[in-house]
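Below is one structure, written out as structure tokens; the observations come after it.
What follows draws every value from the coordinates through simple rules; no lab data is involved. What you are looking at is a predicted structure, and each value in this text was computed from that prediction instead of being measured. Here Cβ is always computed from backbone atoms with ideal geometry, including for glycine, and neighbour counts include all displayed protein chains.
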Amino acid sequence: MIIEEVLKERFGYSHFRSGQKEVITTLLAGKNTLAMLPTGTGKSLCYQLPGYMLNGQVVIVSPLLSLMQDQVDQLKINGEKSVIAINSFLSFDEKLNALRQLNTFKFIFISPEMLVTENVLARMKSLNIALFVIDEAHCISQWGHDFRPDYLKLGYIREQLGNPLTVALTATATSEVRADIIHSLSLQDCEQIIYSVNRSNITIAVEHFQHYREKRDRLIELAKRLQGPGIVYFSSKKLAEQIAADLKQQGVGNVMPYHGGLEQETRMLIQQQFLHGQLDLICATSAFGMGINKENIRYVIHFHMPMQFESYVQEIGRAGRDGHPSIAFMLYSAGDEMLQHQLIEGELPDESQISLLENWLNEQKPTLQNVTEFEEELSLICGLNEIQLRLTLDYLKNCLANGNDFSVFSSKFKNFIRERLDSKKSKIEEMVNWIRSEKCRRLQLLDYFEESGQQQMNDCCDHCGFSIVPFERIEAENTESKHKEVNWKERLADILLKKREGEH
Amino acid sequence: MFGCYKKSIILYCLHRIADERTVYSVFHLLNGKKSSQTIQDAFLFQLTPFFRVYPSMTRLQFDQHLTEMTKVKWILEYEPSQYRLTDLGREALKEQLKKQPLPVNLNGWKYHQLSVVFWERLSLLVQVISNLMYSNSKYLPIQRKKETHLWLKQFLQDTKMDRQVLAQKVFNEVVDCLENSTSIQPEFLISRLTGAETIGLTKEQAALQYSMDQDYFELQFQSILHTMLSVIKEKPVQLPLLNKVIQSAETEFTMTVSAQRTEELLQQGFTIEEIATFRKLKRNTIEDHIVELALNKPDFEIGRFVTDKNVAEIAEAVKKVTSKQLKHIKTIVPHAPYFEIRLVLAVFGDSL
């Protein structure tokens, strides 16, 4: 069967998006592939489709549980039942069951920390793996913005699995990071398929403010003026809630906050309402967006700057997937980067916490073998939050596995943390420089990802000049008529019996 | 301005416990702490409807409400952690309950667990049927729990009905369940249901749509679920599908696991002392368990623990004192141990 037929039959599309076909044909030719495709181009199709044409299982390593769940959902929506996610959400029994029946699944999603456990790896070895997929492959590199120590072991795991055909997927990676990926996974004769991070239908605008207040007022104005649907990104849950409430009060209807602190049912409802066009605007933290396959998002506003270009490009890339003109605003008020600095410091353990860890290790040293059982104790003793704990445990396990001496652990770990901190800080600085610079926004972004610029285009960015008019809504939003009173029985009949008012 | 309905509920509970407990017994009640003390208090002060109605309220938020109400002089901290209503507070509460009365069918104690499962299943069932009716196969289930998905699959397999028939029957049963209860507003529940074409409202959105504060909406929503549950249990034969929804979600009654263990040992004939030694627990703890049993089991035999004579004397004493504080009762029957007084209150509390 030719791949277009599979595309139509399995996924219901008649065309590939840019890059997809190239990646798929390369894989089907049996070549290891590193694919960098911009956000919104449908990376998951690049392994799903070949999966159907290859004999054997597709194993997908994915760093985030939420991301994994989204991809599982997408497959299931498309009618694929032979799919499983192996991660820490499974109970002990479920995990045992899943492992026992592993060979019956076509698509196996797995988190890296699960993959490194011995019994899981042993079971994986017995499979017939047709395709090994590393999602968000930039996590492998210390230079990447999202380094996961667990990803470093993927090269070894790949070797253990008999070097199956492999595809490493990422949306954003500098050449340094790409070299790291290829090296770590020892991908011989790797085909690199690199597509520009540039999204030419998205206008990029940065605005400066002296005070928070002015910035807030501007956001409200934009939300009133711009044609939706839109997303506003915040770095703080509290502010996302606050501004959503302010917007409602200002008469901007159909806006809801979204962040990881909401109940699961609420998150699901809001996400689905947005997809169904019942909401026009979401005030979100970065928790929102993964797996949101909404084509017609018209604008993305950053109320807070992201921590690095990689996130920025991903977040604005949620706009305009249908190819229509869309706009990204970055609202910056002096000192905004302080919040980002605080956030990265919160992600890493500080020196005093590491000293406490050192003391604890000295007491435990003779007997310490398995760190996992001490998770809770460690987090209490050293006052580590979840992100800090994860990182510390990863590092500690690595250290144990390599038979390292604990006497040097603490100084090595401190060094490691310092390097991470410096690297993250310099990424924030790069963002701030970009915000302050007076050159073309797009060319600078491309420059960061080592791409050469293109010719002048219309509505490029605030420095090249653009008109906001095409992005404005034509009519004022009509919030009044939406809540017309419907009798509860009629609504229930509409849902369950497909009966509209007046039809019965 | 009252702020939120949680305050009314806290005031109401404080009013009921009338100086006899610390304010945190109210917090534990609303939070649904499964301790013998909280459970006993719920029964003793007839606050069972409110058991676990605000499970996600934090201690910090609770303290915040107390601070605010102290500031406007509705309550007074007359001893550390002991609060009582002022005249102003009583007026405010009366006023508030006139405007927003307590939902009548609320029964947190009986249904706090079942109603969660019931909503998860019902909302998923409705969404799935709706998508069947609209011939839409690509959608994301609104409920995420695997158990709920497995349950639904089983449900559809067991009922084996044509989709039209199933839809009509579920429709009829839900309408039947909601239509005849005058004191609830079914639209609060229906507006939250998700169908093929419209996604249901979040609690926050629904509260806004019906112009009430979220805490009050939450109680109203709970009371609708509790109403449905009691109707289903009343006439399971007329509501076969809904009855099926709550099957295998039933937890007989709500006791702590530890108390259930004590019950088993009691049934095997062990004495309190023996159980305490055997389980390496204090005698007090075992007594707490027995009081819990007394509250939960309609067939509890008090005669095993209290003589008839003592039961009669304690009951007499309870009638004489206006307070339900144990020490006041004890001054009248000094020879009766506290344990026996608590048991009598547990068994006959409402009728005394």
Percent relative contact order for chain B, counting Cα pairs under 8 Å at least six residues apart, stands at 18
State the dimensionless ratio Rg/Rh of region B:108-246 (Rg: radius of gyration of Cα atoms; Rh: Kirkwood radius).
0.94
Eigenvalues of the alpha-carbon gyration tensor of region B:160-235, times 5 and square-rooted, give semi-axes in Å, largest first, of 24, 18, 9
Taking Rh as the Kirkwood radius computed over C-alpha pairs, what is the Stokes-Einstein D of region B:5-99 at 10 °C in a medium of viscosity 1.306 mPa s, expressed in µm² per second?
120
Cα gyration tensor, chain B - rounded (a/c under 1.5), prolate or oblate:
oblate
Under 20 Å Cα to Cα from B:Lys94, which lysines show up? Leave out anything in the same chain fewer than 8 places away.
B:Lys6, B:Lys7, B:Lys71, B:Lys73
With a ≥ b ≥ c taken as the square roots of the eigenvalues of the C-alpha gyration tensor of region A:27-72, please select rounded if a/c is under 1.5 and otherwise prolate if a/b is larger than b/c or oblate if it is not?
oblate
Which whole-number percent gives the relative contact order of region B:5-99, counting Cα pairs below 8 Å spaced six or more residues apart?
32
Determine the equivalent ellipsoid of region A:3-194 by diagonalising the alpha-carbon gyration tensor, then write out the semi-axes as square roots of 5 times the eigenvalues, largest first, rounded to whole Å.
23, 21, 15
Ranking of B:Val344, A:Val432, B:Val257 by count of other Cβ atoms within 10 Å, fewest first
B:Val257, A:Val432, B:Val344
Computed on Cα atoms only, the convex hull of the protein assembly as shown has an orientation-averaged projected area in nm² of 42.4
Chain A, relative contact order in percent, only Cα pairs under 8 angstrom and at least six apart counted
14
Students often check this: by mean Cβ neighbours within 10 Å, which of A:296-307, B:45-56, A:154-165, B:88-99 ranks highest, and how do the rest follow?
A:296-307, B:45-56, A:154-165, B:88-99
Whichever aspartates and glutamates have a C-alpha closer than 16 Å to that of A:Lys425, once near sequence neighbours (fewer than 8 apart) are set aside
A:Asp146, A:Glu310, A:Asp336, A:Glu337, A:Glu345, A:Glu347, A:Asp350
Average partner coverage of B:135-145, which counts Cβ from other chains inside 10 Å
4
How long are the semi-axes of the equivalent ellipsoid of chain A, taking √(5λ) for every eigenvalue λ of the Cα gyration tensor, in whole Å from largest down?
37, 30, 25
Sorted largest first, the C-alpha extents of region B:257-351 along its principal axes in whole angstrom are 38, 25, 22
Let me know the mean shielding of B:232-239 by other chains, meaning the per-residue number of their Cβ atoms within 10 Å of its Cβ.
0
Helix-derived mean residue ellipticity, 222 nm - over chain A, DSSP H n ≥ 4, -39500 (n - 2.57), to 500
-13000 deg cm²/dmol
I want to check the label-to-label distance for A:Thr117 and B:Glu273. Put each point 7 Å from Cα in the C-beta direction and report it in nm to one decimal.
4.8
Fewest to most neighbouring Cβ within 10 Å: what's the order for A:Cys399, A:Cys283?
A:Cys399, A:Cys283
For a footprinting-style exposure proxy, rank A:Met268, A:Met338, A:Met256 by other Cβ within 10 Å, fewest first.
A:Met338, A:Met268, A:Met256
Among the GluC sites (Glu not before Pro) within region B:276-317, which fall in a DSSP loop and have no more than 15 other Cβ atoms within 10 Å of their own Cβ?
B:Glu301
Rounded, prolate or oblate (a/c below 1.5 giving rounded, otherwise prolate when a/b exceeds b/c) for region B:176-319 by Cα gyration tensor
prolate
Where does chain B land at 222 nm, in deg cm²/dmol rounded to the nearest 500, when only DSSP H runs of n ≥ 4 count, each adding -39500 (n - 2.57), divided by all residues?
-19000 deg cm²/dmol
Going by average Cβ neighbours within 10 Å, how do the peptides A:413-420, A:44-51 rank, with the highest at the top?
A:44-51, A:413-420
Quick one: divide the alpha-carbon radius of gyration of region A:118-163 by 2.2 N^0.38 Å and tell me what you get.
1.25
From other protein chains only, count the Cβ atoms within 10 Å of every residue's Cβ in B:190-196, then give the mean.
5
